[in-house]
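Take a look at the structure set out below.
We did not get these values from a lab; they are worked out from the coordinates using the rules stated. Here the structure is a predicted model, which means the values were calculated and not measured. FYI the Cβ positions are ideal-geometry reconstructions off the backbone, even for glycines, and counts take in every protein chain you see.
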Amino acid sequence: MSELTPEFRQIRASAKLDDFFSSVEPELKAYVESLPQRISKMNARSSIKLKVVLDTVDRLYDHAANFAACKKGCSHCCHVSVPITDYEARYIGENINTAPVLLKHSIRHDLSEFSDKTPCPFLKDNACSIYEFRPMTCRIHVNFDIDNYWCLYENWNKPDAIIPRPTIHALSAAYHQLAGKLKPIVADIRDFFPNGKLVSD
Ligand code: SF4
Ligand code: SF4
């Protein structure tokens, strides 16, 4: 559907984003808004707190399925940069029984650094092999466009490319609460898990 203009796509996506937010029940919206405060008051390990944040993300984004262009087997987004924090890498590592690389400092990556040739190491047969433990950034990377046109490898670097996604500040704020007073180390999932590893390995 490349003949659709970027403006038309944006208008349709804005309407779908509105529909998505309208579909969320008020109790869940209120819970999401209160999440940063709840997390800051929790006396628990960061992995326990992260699970609370991820479960909330899933509850909220369950409502997005009816409005998003995302489909099972569509995996272009698993080839771009996947930034995660060291505490999220530990959470994944604990759950798949694979220690992440202990990085001493954050590593920045350019948007153009990855391509269709450099998939996330956890992508197997066009599906996420660690789906239950996948990072927050993967859970919220939901495309509200009509289709996956701007996600295609040949399009994602074009100047007009904008993937319409919701920004939910309370979720980001809750996620950043997890580091406490420490400055998290942020790097790509490929830096922490260069070889990946399947849960069933
Ligand atoms: S974000 Fe894009 S590439 Fe990823 S599943 Fe959704 S439509 Fe497909
Ligand atoms: S962790 Fe899973 S969902 Fe996220 S980029 Fe890797 S394969 Fe894709």
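Kindly establish whether Ile146 is away from ligand 2 (no atom under 16 Å from the Cβ), in contact with a helix residue (DSSP H, G or I) (Cβ under 8 Å, 6 or more places away or on another chain) and of a type in the set (A, V, I, L, M). For Ile146, the condition - away from ligand 2 (no atom under 16 Å from the Cβ), in contact with a helix residue (DSSP H, G or I) (Cβ under 8 Å, 6 or more places away or on another chain) and of a type in the set (A, V, I, L, M) - is met. Screening the candidates Ala13, Ala89 for the property of being within 30 Å of Asn157 (Cβ to Cβ), buried (at least 17 other Cβ atoms within 10 Å of the Cβ), within 16 Å of ligand 2 (Cβ to nearest atom) and in contact (Cβ under 8 Å) with a residue 40 or more places away in the chain yields one hit, Ala89.
Results for (1) among the acidic types (Asp, Glu); (2) in contact with a strand residue (DSSP E or B) (Cβ under 9 Å, 6 or more places away or on another chain); (3) not in a loop (DSSP other than H, G, I, E, B), shown as yes or no for each residue.
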residue	(1), (2), (3)
Glu94	yes, no, yes
Ser115	no, no, no
Phe144	no, no, no
Tyr153	no, no, no
Asn157	no, no, no
Asp160	yes, no, no
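Every condition in (1) surrounded by 15 or more Cβ atoms within 10 Å (Cβ to Cβ); (2) part of a loop (DSSP other than H, G, I, E, B); (3) in contact (Cβ under 8 Å) with a residue 40 or more places away in the chain is met by Lys104 except one, and the failing one is (1).
Restricting the first residue to the range 173-197 and requiring it to be among the basic types (Lys, Arg), which pairs with a second residue that is crowded, with 17+ Cβ neighbours inside 10 Å and not in a strand (DSSP E or B) meet a Cβ separation below 7 Å and a spacing of at least six or different chains? Pairs that qualify, where the first residue is among the basic types (Lys, Arg) and the partner is crowded, with 17+ Cβ neighbours inside 10 Å and not in a strand (DSSP E or B), are Arg190/Cys120; Arg190/Pro121; Lys197/Ile96; Lys197/Thr98.
The requirement of being polar (S, T, N, Q) and in contact with a strand residue (DSSP E or B) (Cβ under 8 Å, 6 or more places away or on another chain) is not satisfied by Ser23.
Against the criterion of being touching a Pro at 6+ places or on another chain (Cβ under 7 Å), surrounded by 20 or more Cβ atoms within 10 Å (Cβ to Cβ) and among the aromatic types (Phe, Trp, Tyr), Phe144 qualifies. Being within 28 Å of Ser14 (Cα to Cα), within 11 Å of ligand 1 (Cβ to nearest atom) and either touching a His at 6+ places or on another chain (Cβ under 7 Å) or not hydrophobic (A, V, I, L, M, F, W, C) (or both) is not true of Asn126. Scanning the range 55-88 for residues that are in contact with an Asp or Glu (Cβ under 7 Å, 6 or more places away or on another chain) and assigned to a loop (DSSP other than H, G, I, E, B) yields Phe67, Ala69, Ser81, Val82.
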